[in-house]
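The values are calculated or read from the model by the stated rules, or taken from the named source; none is laboratory data. Source: prediction; values computed, not measured. Don't worry about glycine lacking a Cβ; one is built from the backbone with ideal geometry, like all the others, and counts go over all protein chains shown. These area figures cover heavy atoms from the full protein model, side chains too; ligands, DNA and RNA do not enter into them. Shrake-Rupley method; radii C 1.70, N 1.55, O 1.52, S 1.80 Å.
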Amino acid sequence: MIIYIEENDENKRLDSYLSEITPDFSRSKIQNFIKSGAVKVNEEIKKPSYGLKEGDKIQFEIPEQDTLIIKPQNIPIEIVYEDDNMLVVNKPSGMLTHPTSIERENTLVNTLLYKYGNNLSDINGEFRRGIVHRLDRNTSGLLMIAKNNKAHEFLAEQIKNHTITKKYLAIVKGVLTEKVFEINSPIGRNPNQPHKMMVAENGKPAKTIVKVLDTFKDYTFVELTLITGRTHQIRVHMKSINHPIYNDTLYGAGTGKVKTQEQVLQSYFLRFTKPFGNEIIELQIEPDEKIKKVLKYLRS
């Protein structure tokens, strides 16, 4: 198995990352694989504690008898765009992008396997078939899927070079007075709560452009453009300026009067170059049900 590390997997320990994507193995067994030389990063043997970097190439020889087959499931999913090499889906809120060591069913990958079988890229392993980038479980919206490895590499290169435009819609706490502004604050993993990220001086550069779309008594409806793509970037940046996203309890927003599946955040706009040429694809979808529900309440 060959894996190329993406932005949102940076800073993870090598052993932790591999135990995430190969749930049949315990972390201690993964550590033994690494120490024995079965795992190489950029053609070199690293320690289990090695911190991953964007673009790292991991080579992992998994014993064949231990390979886990992911169950295909017939789960309806909206396809917004499709060609011979890729597709873009509208991932619903509440759905995991890919299986984990705890949850192996009802993810986007399960439904992709049902529809496309082996006609999906496998650069990032069986648990991430077709997955070029990810959205948090409770973030809905546009997500690119690669049907083959060459298309995966073509799209991943655009993500790495920040030539893809990704815009989100969100409702945040408080009233923003500036109509358009930029948040330019580095992001790293929270050392005390590893499942969370935080603004940190020694973190990776992160930049988000915020545009106000509408204001209410205690909330603001915004469009957010990602210039970089760090894990939880929008959620961390908005928390850092004391305007966390509506219902984002992980980052301190609390629960609003309108109940939703956690954060009211949607990837609604995507602009990229189609594999393999110069044709630009631009996609935009309507606000999802969470956003409509909260806006209806605020406007009433």
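Some points to look at:
- Leading residue by the ranking (most open to solvent (accessible area, probe 1.4 Å)) among those in the stretch 41-56 that are over 19 Å from the mean Cα position of the chain (by Cα) and among the charged types (D, E, K, R): 47
- Answer residue from the stretch 164-187, given it is aliphatic (A, V, I, L, M) and part of a strand (DSSP E or B) and is farthest from residue 272 (Cα to Cα) among those: 172
- Residue tally, condition under 23 Å from residue 265 (Cβ atoms) and in contact (Cβ under 8 Å) with a residue 60 or more places away in the chain, over the stretch 75-90: 5
- From the options 118, 124, residue that is open to solvent by 20 Å² or more (accessible area, probe 1.4 Å) and not basic (Lys, Arg): 118
- Answer residue from the stretch 13-29, given it is touching a residue at least 60 places away in the same chain (Cβ under 8 Å) and in a loop (DSSP other than H, G, I, E, B) and is surrounded by the fewest Cβ atoms within 10 Å (Cβ to Cβ) among those: 23
- Those residues of the stretch 128-151 which are outside any loop (DSSP other than H, G, I, E, B) and open to solvent by 10 Å² or more (accessible area, probe 1.4 Å), in sequence order: 149, 150
- Positions within the stretch 144-186 being in contact with a His (Cβ under 8 Å, 6 or more places away or on another chain), in contact (Cβ under 8 Å) with a residue 60 or more places away in the chain and within 21 Å of residue 237 (Cβ to Cβ), in sequence order: 159, 172, 173, 174, 176
- When each of 139, 111, 107 is tested for being over 18 Å from residue 72 (Cα atoms), among the polar types (S, T, N, Q) and out of contact with any Asp or Glu (no Cβ under 8 Å at 6 or more places or on another chain), the lone residue that passes is 139.
- Qualifying residue in the stretch 202-217 (condition: buried (at least 16 other Cβ atoms within 10 Å of the Cβ) and among the polar types (S, T, N, Q)): yes
- The stretch 218-237, subset of a type in the set (A, V, I, L, M) and assigned to a helix (DSSP H, G or I), residue surrounded by the fewest Cβ atoms within 10 Å (Cβ to Cβ): 236
- Failed item, numbered, when residue 32 is tested on (1) free of Cβ contacts under 8 Å to residues at least 12 places away in the same chain; (2) within 28 Å of residue 272 (Cα to Cα); (3) of a type in the set (S, T, N, Q): (2)
- Residue within the stretch 255-270 that is out of contact with any strand residue (DSSP E or B) (no Cβ under 9 Å at 6 or more places or on another chain), among the polar types (S, T, N, Q), open to solvent by less than 90 Å² (accessible area, probe 1.4 Å) and part of a loop (DSSP other than H, G, I, E, B) present: yes
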